[in-house]
1. Give me the angle, in degrees from 0 to 90, between the Cα long axis of helix 51-63 and the longest principal axis of the Cα atoms of the chain, rounded to the nearest 10.
2. Calculate how large, on average over all directions, the projected area of the Cα convex hull of segment 1-105 is; give the answer in nm² to one decimal.
3. For segment 75-88, just list the computed ³J(HN,Hα) in residue order, Karplus coefficients 6.51, -1.76 and 1.60, θ = phi - 60°, integers in Hz, with x standing in for Gly and Pro.
4. Summing -39500 (n - 2.57) over the DSSP H runs of n ≥ 4 in the chain and dividing by its residue number, what mean residue ellipticity at 222 nm do you reach, to the nearest 500 deg cm²/dmol?
5. Rounded to the nearest 20 debye, what is the charge dipole size of segment 14-75 about its Cα centre when +1 sits on each Lys and Arg Cβ and -1 on each Asp and Glu Cβ?
Amino acid sequence: LWALATLDIEPGAELAAAISRHAAASVGGYRSQDVAKLMWALATLREEPAAELVAAVTRQSVAIARDFRPQCVANLLWAFATLGLAPAPELLAALSRRAGAAAAGFKP
């Protein structure tokens, strides 16, 4: 999905749905960069994720928040904002703590 978004190629409804279903089932094994890239790609393509994917992304992101680098924090929150999604309070709290701990790595 990241490659399609980078190339500005619409995946089509069927492929986007298949990727979203697969991601929702497997996101529990994703690293912070994987989570951020998935949501970045969906936002770039303006593909609204299914509620179960958003819930799975939220759970995984909270679980691995300590591993998020500043760019991943920024990309994930940008994706939520671009998609018009409000991050769950627990996600916002976890990423806020991480951003505070990694503040020196953020670029203006």
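1. Taking Cα atoms only, the helix is inclined about 30 degrees.
2. Working: hull surface 23.9 nm².
Over all viewing directions, segment 1-105 projects a mean Cα-hull area of 6.0 nm².
3. After applying 6.51 cos²θ - 1.76 cosθ + 1.60, I find 5, 5, 5, 4, 4, 4, 5, 5, 7, x, 9, 8, x, 4 Hz.
4. -20500 deg cm²/dmol
5. For segment 14-75, the charge dipole is close to 260 debye.
Every read-out reported here was derived from the displayed coordinates using simple, explicitly stated rules and does not represent laboratory data. Keep in mind it's a predicted model, so treat the numbers as computed, not measured. Cβ coordinates were reconstructed from backbone atoms using ideal geometry, including for glycine residues, and neighbour counts include every protein chain displayed.
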